[in-house]
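> This is the structure I want to talk about, given as structure tokens.
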Amino acid sequence: MCGSMLQVKNLTKKFGELEALNNVSFKLKEQECLGIIGPNGAGKTTLFNILSGFMKPTSGSIKFYGKDIVGKKPHVLVKLGLSRTFQVIRVFKNITVFENFSVITDRGEELLKELGLWEKRGYLAKDLPQGDLRRLNIGMALATNPKLLLLDEPFSGLSPKEGAELGTNIEKLKVKNMTMILIEHQLRELFGIVKRVIVLNYGRLVFEGTPEEVIKDKRVIDVYLGVDYEST
């Protein structure tokens, strides 16, 4: 494992009287895969929006390879190597799959083959099933050559077959030592990918540990899981 890539310290975000994030701190090493879980409204997407430059924090610091990135615009962060996907898929739906890549990169053929989408390169993006759309979305983020990839609920809305296919793609990224942070509600899929998990609740980081530790922690069960994960 290489050195620290991302350092988040005392990150706070307020919307009037509402505190969406409260003094959240964590570090991420190169080549690490980190999971973020928590109930709806816990602050997960707010955290991603701040990390990716779509929102400014009220206070706190974010360092990417030691450089302060608070307040930098999304396109600047992409050039620095930080790219993300969104829970609501963002692609150019009225052009072909291949043309989606052509807008960003000349590596379209390579990425399409890597993601298993080469045979559908001539399809209009809007005609793809949900699983292929998710892979296209991730491929477009990869086209920017990220050093850190933020994936916002990549398994959302997928069938078991589509989820398995996407899981294979993400595992391939791990083999290539891609550093990733994943927000996800599908815990079985997430826990098969990540080695470390942080849990948010009401904007606070309430737990940090391995997937095995998460599912046994009473605080996590009380605020989020609510069931015996082992029995589901």
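> Take the residues in the stretch 71-110 that are open to solvent by less than 20 Å² (accessible area, probe 1.4 Å) and touching a Pro at 6+ places or on another chain (Cβ under 8 Å), then tell me which one is farthest from LEU158 (Cα to Cα).
The selected residue is GLY81.
> Which members of the stretch 207-220 meet the condition of being crowded, with 18+ Cβ neighbours inside 10 Å and either part of a strand (DSSP E or B) or on the phi > 0 side of the Ramachandran plot (or both)?
Scanning the stretch 207-220 gives a single hit, PHE207.
> For residues in the stretch 1-12 being out of contact with any Phe, Trp or Tyr (no Cβ under 7 Å at 6 or more places or on another chain) and not polar (S, T, N, Q), which is least open to solvent (accessible area, probe 1.4 Å)?
Filtering the stretch 1-12 for residues that are out of contact with any Phe, Trp or Tyr (no Cβ under 7 Å at 6 or more places or on another chain) and not polar (S, T, N, Q), the one least open to solvent (accessible area, probe 1.4 Å) comes out as LEU11.
> Counting just the residues of the stretch 111-144 that are of a type outside the set (Lys, Arg), more than 16 Å from LYS172 (Cβ to Cβ) and outside any helix (DSSP H, G or I), which one comes out least open to solvent (accessible area, probe 1.4 Å)?
Ranking the candidates gives LEU128 first.
> Which condition number in (1) farther than 13 Å from LEU150 by Cα; (2) free of Cβ contacts under 8 Å to residues at least 60 places away in the same chain; (3) assigned to a loop (DSSP other than H, G, I, E, B) is the one that GLY53 fails?
If we test GLY53 against (1) farther than 13 Å from LEU150 by Cα; (2) free of Cβ contacts under 8 Å to residues at least 60 places away in the same chain; (3) assigned to a loop (DSSP other than H, G, I, E, B), just (1) comes out false.
> Quick one: how many residues across the stretch 156-195 are under 22 Å from LEU47 (Cβ atoms), under 15 Å from the mean Cα position of the chain (by Cα) and open to solvent by 10 Å² or more (accessible area, probe 1.4 Å)?
Summing the residues that are under 22 Å from LEU47 (Cβ atoms), under 15 Å from the mean Cα position of the chain (by Cα) and open to solvent by 10 Å² or more (accessible area, probe 1.4 Å) in the stretch 156-195 gives 10.
Every residue, every condition in (1) open to solvent by less than 50 Å² (accessible area, probe 1.4 Å); (2) under 20 Å from LYS195 (Cα atoms); (3) part of a loop (DSSP other than H, G, I, E, B); (4) in contact with a Ser or Thr (Cβ under 7 Å, 6 or more places away or on another chain), yes or no:
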residue	(1), (2), (3), (4)
LYS14	no, no, no, yes
ALA20	yes, no, no, yes
GLN31	no, yes, yes, yes
ASN40	no, no, yes, no
ASN49	yes, no, no, no
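> To continue, here is another question. Criterion first (charged (D, E, K, R), open to solvent by 10 Å² or more (accessible area, probe 1.4 Å), under 26 Å from LEU82 (Cβ atoms) and touching a strand residue (DSSP E or B) at 6+ places or on another chain (Cβ under 8 Å)) does ARG204 satisfy it? Quick ask: steps written out before the conclusion?
Numbers: charged (D, E, K, R): yes; open to solvent by 10 Å² or more (accessible area, probe 1.4 Å): yes; under 26 Å from LEU82 (Cβ atoms): yes; touching a strand residue (DSSP E or B) at 6+ places or on another chain (Cβ under 8 Å): yes.
Answer is yes for this residue.
> While we're on this one: Of the residues that make up the stretch 205-217, is at least one at pLDDT below 95, more than 25 Å from LEU77 (Cα to Cα) and within 13 Å of the chain's Cα centre (by Cα)?
no
> Which of the residues belonging to the stretch 64-92 are outside any loop (DSSP other than H, G, I, E, B) and in contact with a Leu (Cβ under 7 Å, 6 or more places away or on another chain)?
Residues satisfying the conditions are PHE64, LEU82, SER83, ARG84.
> Right, here's the next one. List every residue pair whose Cβ atoms lie under 6 Å apart, where the two residues are 6 or more positions apart in sequence or sit on different chains, the first residue falls within the stretch 159-183 and is free of Cβ contacts under 8 Å to residues at least 60 places away in the same chain and in a helix (DSSP H, G or I), and the second residue, located anywhere, is acidic (Asp, Glu) and open to solvent by 50 Å² or more (accessible area, probe 1.4 Å).
Close Cβ pairs (under 6 Å, with a partner that is acidic (Asp, Glu) and open to solvent by 50 Å² or more (accessible area, probe 1.4 Å)) amount to GLY163/GLU189; GLY167/GLU189.
> Residue check, THR168 against (1) under 22 Å from LYS93 (Cβ atoms); (2) among the polar types (S, T, N, Q); (3) out of contact with any Asp or Glu (no Cβ under 7 Å at 6 or more places or on another chain), all met but one. Which one?
Going through (1) under 22 Å from LYS93 (Cβ atoms); (2) among the polar types (S, T, N, Q); (3) out of contact with any Asp or Glu (no Cβ under 7 Å at 6 or more places or on another chain) one by one, THR168 breaks only (1).
The values are calculated or read from the model by the stated rules, or taken from the named source; none is laboratory data. Being a predicted model, the structure only gives us computed values, none of them experimental. Virtual Cβ from ideal backbone geometry, glycine too; neighbours counted across all protein chains shown. With ligands, DNA and RNA removed, areas are computed over all heavy atoms of the protein, side chains included. Shrake-Rupley method; radii C 1.70, N 1.55, O 1.52, S 1.80 Å.
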